[in-house]
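The values are calculated or read from the model by the stated rules, or taken from the named source; none is laboratory data. Note that the structure is predicted; figures quoted are calculated from it, not measured. Please note: Cβ atoms are built from the backbone with ideal geometry, for glycine as well, and neighbour counts cover all protein chains shown. The accessibility values were calculated without ligands, DNA or RNA, using every heavy atom of the protein model including side chains. Shrake-Rupley method; radii C 1.70, N 1.55, O 1.52, S 1.80 Å.
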Amino acid sequence: MSNFAVRAQRAARVHFSRAWGSFLAIACSLFLGASAFAQTPAVGAKAPDFTLSTPTGKTVTMSAEQGGHPLVLVILRGFPGYQCPYCVKQVHDFADHASDFKAKNTRVLLVYPGPPADLDQHAKEFLEKQAELPSNIVLVTDPDYKVTNLYGLRWDAPHETAYPSTFILDGSGTVVFEKVSHSHGDRLSAQDALDHLSTN
C-alpha cells in the first residue's frame with residue numbers, strides 16, 4: 001500500500017473518530033438536559049416557573065400569578081380525548097372552596113394539558129361544566145406539554161396526557177407539599193390542600 005493510501009486511511013479514521021466523539025457528546029448533553037428538565041420538583045425544591053395562556057388567550061406566568069404568596073398548582077389530565085370526570089370533580093371542589101383559599105391569600109393555578117388541536121376549545125367546554133371560576137382560580141392550557149414535561153409528569157400512553165398532580169408552593173415558590181397520582185382518580189381534595197396550607 002502506498003504512503004498516500006496509508007495517510008488517507010489514517011486521516012479517515014481520525015475524522016470518523018472525531019465525528020463519532022462529537023455525536024456522542026451531543027447525544028449525552030441532550031439526554032442529560034432532557035432528564036434534568038424531566039425531574040418532578042420535590043418538597044424543598046424551587047418549582048420551575050412557566051408561562052402559558054388561558055383558553056381566551058390571556059398570558060399567565062406562574063410567578064406573577066403567585067405574587068409572593070402561597071400558590072396551589074394543579075396539573076389536570078386536561079383533554080385525553082374526552083373530558084375527565086375526575087378533573088371536573090376536582091376543579092368543582094376547589095372552586096367551592098375558593099373563599100377559603102382567598103382567606104389564606106392563596107391562588108389556585110390549574111393546568112389543562114392535551115394535544116394542541118382545538119385544546120382551547122376543549123378547555124372552554126371543560127369550564128362550561130363549572131360555575132364561573134372565582135377570581136383567585138385560573139385555568140391555563142398546555143397544548144405542547146411544555147409544563148407537563150417540565151415537571152416530569154407526561155403520561156405518555158394512549159388516551160393519557162399527564163399524571164394528575166398537585167403542588168403547594170410557599171411565597172418564595174418552594175414546594176412544601178406534592179401529590180403525584182399514577183391513576184385517574186387519586187386526587188388531592190381542596191380541604192386537604194387547605195390543611196397543608198395551615199401547617200406550612
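Simple rule: put +1 on each Lys or Arg Cβ and -1 on each Asp or Glu Cβ in segment 52-200, find the dipole, and look at ALA103, THR148, HIS196; the Cα lying farthest toward the positive end is ALA103. Summing Lys and Arg as +1 and Asp and Glu as -1 over all other residues whose Cβ lies under 14 Å from the Cβ of CYS87 gives a net charge of -2.
Nearest 5 is fine: what % of DSSP beta bridges in segment 57-200 come out antiparallel, could you say?
Counting only bridges with both partners in segment 57-200, antiparallel ones make up about 50 percent.
Other residues with beta-carbon under 10 Å from the beta-carbon of GLN66 carry, at +1 per Lys or Arg and -1 per Asp or Glu, a net charge of -2. This model, with +1 at the C-beta of Lys and Arg and -1 at the C-beta of Asp and Glu, gives segment 53-200 a dipole about its Cα centre of some 140 debye. Expressed per residue, the C-alpha convex hull volume of segment 61-194 stands at 97 Å³. Shown for segment 97-200: the carbon plus sulfur share of the solvent-accessible area, taken with all protein chains present and a 1.4 angstrom probe, equals 48%. Only Lys, Arg, Asp and Glu carry charge here, each on its Cβ (+1 for the first two, -1 for the last two); on that basis segment 142-200 has a dipole of about 40 debye about its Cα centre.
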